[in-house]
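In what follows, a single structure is set out as structure tokens and then discussed.
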Amino acid sequence: MDFLVSGILAITPQQIVMYGIGMLLIYLAIYKDFEPALLLPMGFGAILVNLPASGVLNQTLAGIGETHGIIQWLFEVGIEASEALPILLFIGIGAMIDFGPLLSNPKMFLFGAAAQFGIFFALSMATLLGFDLKDAASIGIIGAADGPTSILVSQVLGSAYIGPIAVAAYSYMALVPIVQPMAIKLVTTKKERRIRMPYNPSSISKQTRILFPIIVTFIAGLVAPTSVALVGFLMFGNLIRECGVLNSLSDTAQNTLANLITLLLGITISFSMTAEAFVKLDTLFIMCLGLVAFVFDSIGGVLFAKLLNLFLKEKVNPMVGAAGISAFPMSARVIQKMGLKEDPTNHLLMHAVGANVAGQIGSVVAGGIILNLLTKML
């Protein structure tokens, strides 16, 4: 009983806040179905690392010496030392993606680039708020709408805010169905949202599907060498999918590997959610800036589509531009639902999917470019 009382008395108000945040993440995962594979382990991990003298973290015990906690060990080995966990996850993501809709309509590549605008807007805002350049860049990459990229960039740059950045990135990914419609409606008219886009897919040969990930890796490696780990593993996963001779490995990458890495990544990142590192005013700023990045990603894609329409004979539904973020396939589904709500006979899904998978490439390339530029500057 004395041990229990002393443990309760050792709990700080900041740790109580973290218990609340952990429970909130678990609630969102279970009852709202918001990215449960990540938010649930992150929420539970936030509770674990904030228990007094938690055994999941390294500590020194009288008469025993230093002990190694499992969550801290996973963080040091899987993220801090090698960035292995977020990079390995890209194999599974690549194996899930069908680039066919993008290859059928290559101009969707443009939306995958335009919808990264929020990254650089949020980076600028973070700098103006007083964050140093490496932290501002790490915060801006939340706009990639890609959790593993956010974790990897913030870790490589040595940001002190990897925990809040990871929570913001995955939370806003889960909130895409709420955030994107509001952002899109801010900058479009009902008439624009009703623009019809017939889908006439061209046949994509197996050879093209095989060559595509190889060519993208070469181009990304030459333009932004630091992005090779990100783009390369994403494209390697896609090559496994498309080669046709590794079907069992493709299934494993899409399901077993992706699920296992996601589970480990979620609970490992909670190491950065200790009360002293998380309960700060800066965390609130990061959450707000993450939301700004997501909103301006969507707005950037929409405005670019509207700009293209000034020159195109066959108009693009501006909502498709918003699908150029990396939140695959949630963003494409949001655009499809919005299109059907405006016109029940207007199906935008395949166009949106093309832009969405382009956003997967765009986000990792953007992350690589930021790493490439900042590692030379810092």
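Readers should treat all values here as calculations from the given coordinates under stated rules, not as data from a laboratory. Everything numeric here is computed off the predicted structure, so don't read it as measured data. We place every Cβ from the backbone using ideal geometry, glycine too, and count neighbours over all the protein chains shown.
Quick notes
- Whole-angstrom gap from region 299-320 to region 109-147, using each part's C-alpha centre: 22
- Most to least packed among 291-298, 24-31, 120-127 [average Cβ atoms within 10 Å]: 291-298, 120-127, 24-31
- Relative contact order of the chain, pairs being alpha-carbon contacts under 8 Å that are 6 or more residues apart, as %: 29
- GNM result for the chain, Cα springs below 10 Å: residue of I87, I195, I141 fluctuating most strongly: I195
- Cross-link pairs exceeding 30 Å in C-alpha to C-alpha distance, out of K280/K341; K107/K337; K313/K337; K185/K280; K134/K206; K313/K341, comprise K280/K341; K185/K280; K134/K206.
- Sequence-distant aspartates and glutamates (8 or more away, or on other chains) whose Cα lies within less than 20 Å of K315: E192, E342, D343
- Based on the convex hull around the alpha carbon atoms, the chain presents an average projected area of 21.1 nm².
- Cα long-axis angle, helix 281-309 against the chain (0 to 90 degrees, to the nearest 10): 10
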